[in-house]
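Student: After the structure tokens below, expect a handful of questions from me.
Each value in this text was obtained by applying a stated rule to the coordinates, not by laboratory testing. Every value quoted in this text rests on a predicted model; they were computed, and no experiment measured them. Virtual Cβ from ideal backbone geometry, glycine too; neighbours counted across all protein chains shown.
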Amino acid sequence: MTKEYRPRTIAAHEGDTPAAWQGAVAPPIYETSLFTFPTFEAAQAAFRGAPGVYIYTRGWNPTARLAEQKIAALEGGEACKIFASGMAAVSSALLRFLRQGDHVVAVRSLYSVTYRFLKEFAPRFGIDHSFVDGRDLKEIAAAIRPTTRILYLESPTSLLFDLQDLAACAALARERGIVTIIDNSWATPIFQRPIQLGIDVVVHSASKYLSGHSDVVAGALIAGQKIVDEVVRHEHAILGGNIGPFEAWLLVRGLRTLPVRMNAHQAAAIEVARFLEAHRRVRKVHYPGLPSHPQHELGRRQMSGTSGLLSVELDANLDGVRAFTNALRLFAIGVSWGGYESLALPIAVTDVKPEERGYPVGLVRLYIGLEEPQALVEDLSQALQAW
Ligand SMILES: Cc1ncc(COP(=O)(O)O)c(C=O)c1O
């Protein structure tokens, strides 16, 4: 019998050892770069991999280990490594499998910096890529070459919220010996567990929901033990994207409330999305939680819920978008998401080239925080009259 998934219990207790912490419920912050040994023999045993023994924090640290144990259990993966940022996790995951001459198939509306990794950075090392419409399995299959090593997914994508069929993508890639990597930052393991659907590697910007309070930049990579061991030995150790113990501690603190926060974000986002969808000055709402989302059914199949990030296409030109944004009172203007505070990000203020990526000028991303949904609706309602 498969074990029932209990994320709240995992978040609260997985990996915690209060008996070893004088009974404290909050873990100690092992704010140290190195660990010492009483004898030659003890040091030698540590270098030979004695379990539970630490050497240097740019490797393993007990505070970081606690976050890693919780995240691995939440995702249902064998192991997890946390990083100094989401991009450190993303680039380590990609570099783990890529060699000169390799090719990556990735969804076109990827997070902009991951997009730049493939478009600007990887070609320096002779690594090619094809961007595809992730909604179309045939297009994905057609882009695969004999040199394709990775199928890189982000479902939903974080601006237009398109989905990929994860089980189908995993099957397609596996048949061809291609590794699948997914950025699961939007749904989190509370609503989507890609490893259970056959995906090989999950990455996160833990700066978002996992930490949950907009006070830490962090990343996570979850996969089978062998892959994580290799990442730790190579990409993590050599490129050095190591998280500090205090940031790891903040991540643990945030993880404890992840399941309850996600449910609150979902409930509020649905209410806001319904309001926006019915508004005459909104052309379109991109949110997988709405029945009108073209992939709503796929979303219901592969996710158990929808989170708090969505986008709207305003019936407005650039001046209208400016007026709308400046009229907002509760929504702050800002990048990122996953904290307690609601945010608005007009695509027109970013360095993303809307025409290159196919985004309309009236596109505004909204992050629905933990305020009362009615307060957010009232704020949006008045801002929608600003032009
Ligand atoms: C979907 C997604 N993935 C990855 C990242 C990168 O994470 P970080 O900012 O923690 O490096 C971000 C950051 O905004 C993101 O939105």
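Student: Starting from the 7 Å offset along Cα-to-Cβ, what nm value, one decimal, do you get for the label separation of Q385 and E78?
Tutor: A separation of 6.0 nm, rounded to one decimal place.
Student: Give, in whole angstrom and from largest to smallest, the semi-axes √(5λ) of the equivalent ellipsoid of the chain, with λ running over the eigenvalues of the Cα gyration tensor. Walk me through the numbers on the way to the answer.
Tutor: Values: eigenvalues 255, 133, 70 Å².
Its equivalent ellipsoid spans semi-axes of 36, 26, 19 Å.
Student: While we're looking at this one, here's another question. Give the peptides 299-305, 160-166 in descending order of average Cβ contacts within 10 Å, highest first.
Tutor: Details: 299-305: 18.1, 160-166: 23.3.
Top to bottom by mean Cβ count within 10 Å: 160-166, 299-305.
Student: How many nm is it between the label spots at N263 and E4, if each spot is 7 Å from the Cα in line with the beta carbon?
Tutor: 1.4
Student: Over all directions, the average projected area of the alpha-carbon convex hull for the stretch 258-383 comes to how many nm²?
Tutor: Working: hull surface 30.5 nm².
Its Cα hull, projected and averaged over all orientations, spans 7.6 nm².
Student: Could you please rank F275, F125, placing first whichever residue has the fewest other Cβ atoms within 10 Å of its Cβ?
Tutor: Working: F275 19, F125 12.
Ordered from fewest to most neighbouring Cβ atoms within 10 Å, F275, F125 come out as F125, F275.
Student: So which lysines can K353 reach, going by Cα to Cα under 17 Å and dropping same-chain residues fewer than 8 places off?
Tutor: K119
Student: Of Y152, H293, S33, whose Cα points farthest to the positive end of the dipole of the chain (charges on the beta-carbon: +1 Lys, Arg; -1 Asp, Glu; origin at the Cα centre)?
Tutor: Y152
Student: Once you place label points 7 Å from the Cα toward the Cβ at H296 and Q100, how far apart are they in nm?
Tutor: 5.2
Student: Taking Cα atoms, how many degrees apart are the long axis of helix 62-75 and the longest axis of the chain, rounded to 10 and kept between 0 and 90?
Tutor: Helix 62-75 sits roughly 50 degrees off the main axis of the chain.
Student: In what order do L290, L310 fall by count of nearby beta-carbon atoms within 10 Å, going from fewest to most? The partial results should precede the final answer.
Tutor: Numbers: L290 19, L310 26.
Final ranking by Cβ density, sparse to dense: L290, L310.
Student: What's the magnitude of the charge dipole for the chain around its Cα centre, counting Lys and Arg as +1 and Asp and Glu as -1 at the beta-carbon? Answer in Debye, nearest 20.
Tutor: Details: 39 positive and 39 negative charges, 91 e Å.
Charge dipole, the chain, about its Cα centre: 440 debye, nearest 20.
Student: Once R0 is set to 22 Å, what does the formula 1/(1 + (r/R0)^6) return for the Cβ-Cβ distance between D351 and R322, expressed as a FRET efficiency to the nearest 0.05? If you can, show how the numbers build up before the last one.
Tutor: Numbers: r = 17 Å, r/R0 = 0.77.
My answer for the efficiency is 0.80.
Student: So what is the calculated 222 nm ellipticity per residue for the chain, using -39500 (n - 2.57) for each DSSP H run with n of 4 or more, over all residues, to the nearest 500 deg cm²/dmol? Each step should come with its number before you reach the end.
Tutor: Working: 15 runs with 137 residues, N = 387.
Computed mean residue ellipticity for the chain: -10000 deg cm²/dmol.
Student: I'd like to compare 214-221, 359-366: which one has the highest average count of other Cβ atoms within 10 Å, and what's the full order after that?
Tutor: Details: 214-221: 22.9, 359-366: 20.6.
So the order, starting with the most tightly packed, is 214-221, 359-366.
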